[in-house]
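Report on the following structure.
The values are calculated or read from the model by the stated rules, or taken from the named source; none is laboratory data. No experiment lies behind these values; they were computed from the predicted model shown. Cβ atoms come from the backbone with ideal geometry, glycine included; neighbour counts cover every protein chain shown. Keep in mind that these areas ignore ligands, DNA and RNA; they rest on the heavy atoms of the full protein, side chains included. Shrake-Rupley method; radii C 1.70, N 1.55, O 1.52, S 1.80 Å.
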Amino acid sequence: MSLAKPITPHLWFDTQAREASQFYCSVFPDSRIDSIVTIRDTPSGDCDVASFTLHGQPFMAISAGPVFTFNPSVSFIVNFDPSREADVAARLERTWATLVDGGKVLMPLDAYPFSKRYGWLQDRYGLSWQLILADPSGERRPAIMPSLLFTGEVCGKAEEAGAFYRSVFDGSQAGQLARYPEGMAPDQAGTVMYSDFRLDATWFAAMDSAREHGFGFNEAVSFLVHCRDQVEIDRYWAQLSSVPESEQCGWCKDRYGVSWQISPIVLDELMTSGDQAVVDRVTQAFLDMKKLDVAAIEKAGRGG
């Protein structure tokens, strides 16, 4: 059983979802705004919800108040592949300059043992990006990949988490796995320096870091799983929801602290229908739910 859509990173902004989605679409090729919807009378007031595509990867963003703040525990790797595009190194430089404007450098854009050109930054909104000149002789990966950094209490869990996620999602595949060698303290030899894996149609990266970062996973970035029916929702919810107090409006948190949204495809269809009355009814229907109830959402959409 496969998902109807790729897993969608969902970004939580204070007020800037519309502005940020437009900015990101100006930065990356093959990008577009798919829809912007206003949901009304939520606990955060009226909220803009933007759906957009960056370099072929779907994203969503919401303006829902200063509740959660981005940090580098979730970042997005941008692969610049010389085998796919001429002058890609020049585009990497331009992309870096645009994204770092108003932001800050986490790792300078430079040559590293694993890439001739790589850098890690936080942009003007606080979202983290890793830009890398890919090795054209290596295995191809998508242009944009979410990356999970396991720190603090979950440091050393990246390999275990990757195996767990592959057990949850159909059509999964293990990819690369590079371990820390001896002599790289505070990182423990054998833990994950870099790994990647495919969950259904979406590639993720994961790595451990034992350094004192002072941050960890939170709801600022969650991952939206599109489900065909209640059976799929129930299955994913049972496997991914491990923190009962975090369950709300289809959101849940897994055993590693990563946030997911388990949502039916019909909800997206209703919320982007262009009918504000439908949007309002459906919004009020799901606000009090924890795990989403497909039948109740469909009934609200019909006005029943």
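The trypsin sites (Lys or Arg not before Pro) of region 73-177 that DSSP puts in a loop, and whose beta carbon has at most 12 other beta carbons within 10 Å, are 84, 140. Relative to the longest principal axis of the Cα atoms of the chain, the long axis of helix 88-100 lies at roughly 60 degrees. Springs between Cα atoms under 10 Å define the GNM used for the chain, and in it the highest mean-square fluctuation of 73, 44, 241 occurs at 44. In this rough spin-label picture, where each label sits 7 Å from Cα along the Cβ direction, the residue 176-residue 201 distance is 2.4 nm.
Pairs with C-alpha atoms separated by more than 32 Å, drawn from the list 104/157; 157/299; 104/290; 116/253, are 157/299; 104/290; 116/253. Our analysis of the chain gives Rg over Rh at 0.96, with the two radii drawn from alpha carbon positions and Rh computed by the Kirkwood formula.
What is the percent carbon and sulfur in the accessible area of the chain, measuring with a 1.4 Å probe over the protein chains and ignoring ligands? Roughly 50 percent of what the probe reaches on the chain is carbon or sulfur. When DSSP beta bridges are restricted to pairs lying wholly in the chain, around 70% turn out antiparallel.
Rounded to the nearest 20, the Cβ-based charge dipole of region 112-269 about its Cα centre (Lys and Arg +1, Asp and Glu -1) stands at 560 debye. Taking a point 7 Å out from the Cα of residue 298 in the direction of its Cβ, the residues of region 233-267 whose backbone N falls within less than 12 Å of it are 265-267. Over the residues of the chain, the helix contribution to mean residue ellipticity at 222 nm works out to -7500 deg cm²/dmol, using -39500 (n - 2.57) for each DSSP H run of at least 4.
Taken about its Cα centre, the chain carries a charge dipole of about 320 debye when Lys and Arg each add +1 at the Cβ and Asp and Glu each add -1 at the Cβ. For region 125-205, the C-alpha radius of gyration sits at 1.17 times the compact-globule guess of 2.2 N^0.38 Å, with N the residue count.
Among the GluC sites (Glu not before Pro) in region 90-161, those located in a DSSP loop and surrounded by at most 12 other Cβ atoms within 10 Å of their own Cβ are 139. For region 149-164, 3J(HN,Hα) computed residue by residue from phi via the Karplus equation (6.51, -1.76, 1.60; θ = phi - 60°) reads 10, 8, 10, x, 5, 9, 4, x, 9, 4, 5, 4, 5, x, 5, 4 Hz, glycine and proline entered as x. For region 69-193, averaging the sequence separation of C-alpha pairs within contact (under 8 Å, six or more residues apart) and dividing by the residue count gives a relative contact order of 26 percent. Computed packing ranks the peptides 179-187, 225-233 as 225-233, 179-187, most packed first, by mean other Cβ atoms within 10 Å.
Calculated accessible area for the chain comes out at 44 Å² per residue, all protein chains present (probe 1.4 Å; ligands, DNA, RNA ignored). Phi angles across region 208-225 convert, under the Karplus curve 6.51 cos²θ - 1.76 cosθ + 1.60 with θ = phi - 60°, into 3J(HN,Hα) values of 9, 8, 8, 5, 7, 8, x, 9, x, 4, 8, 7, 4, 10, 10, 10, 8, 9 Hz, Gly and Pro given as x. Taking the Cα atoms only, what angle lies between the long axis of helix 230-240 and the longest principal axis of the chain, rounded to 10 degrees? Helix 230-240 and the main axis of the chain meet at about 40 degrees. In a DSSP loop and with at most 16 other Cβ atoms within 10 Å, the chymotrypsin sites (Phe, Trp or Tyr not before Pro) in region 23-120 are 114. The mean sequence separation of alpha-carbon pairs under 8 Å and at least six residues apart, normalised by the residue count of the chain, gives a relative contact order of 17 percent.
For residue 34, the residues whose amide H sits under 5 Å from its own are 51, 52, 53, ignoring neighbours fewer than 5 places away on the same chain, with H placed 1.01 Å from N. Here region 162-220 is treated with +1 on each Lys and Arg Cβ and -1 on each Asp and Glu Cβ, and its dipole about the Cα centre works out to around 120 debye.
Calculate I(q)/I(0) for region 66-179 by the Debye formula, one identical point scatterer on each C-alpha and no solvent, and give its log10 at q = 0.21 Å⁻¹ to two decimals. The Cα Debye sum returns log10 ratios of -1.28.
When the P(r) is computed for region 1-157, the part past 25 Å accounts for 34% of the Cα-Cα pairs.
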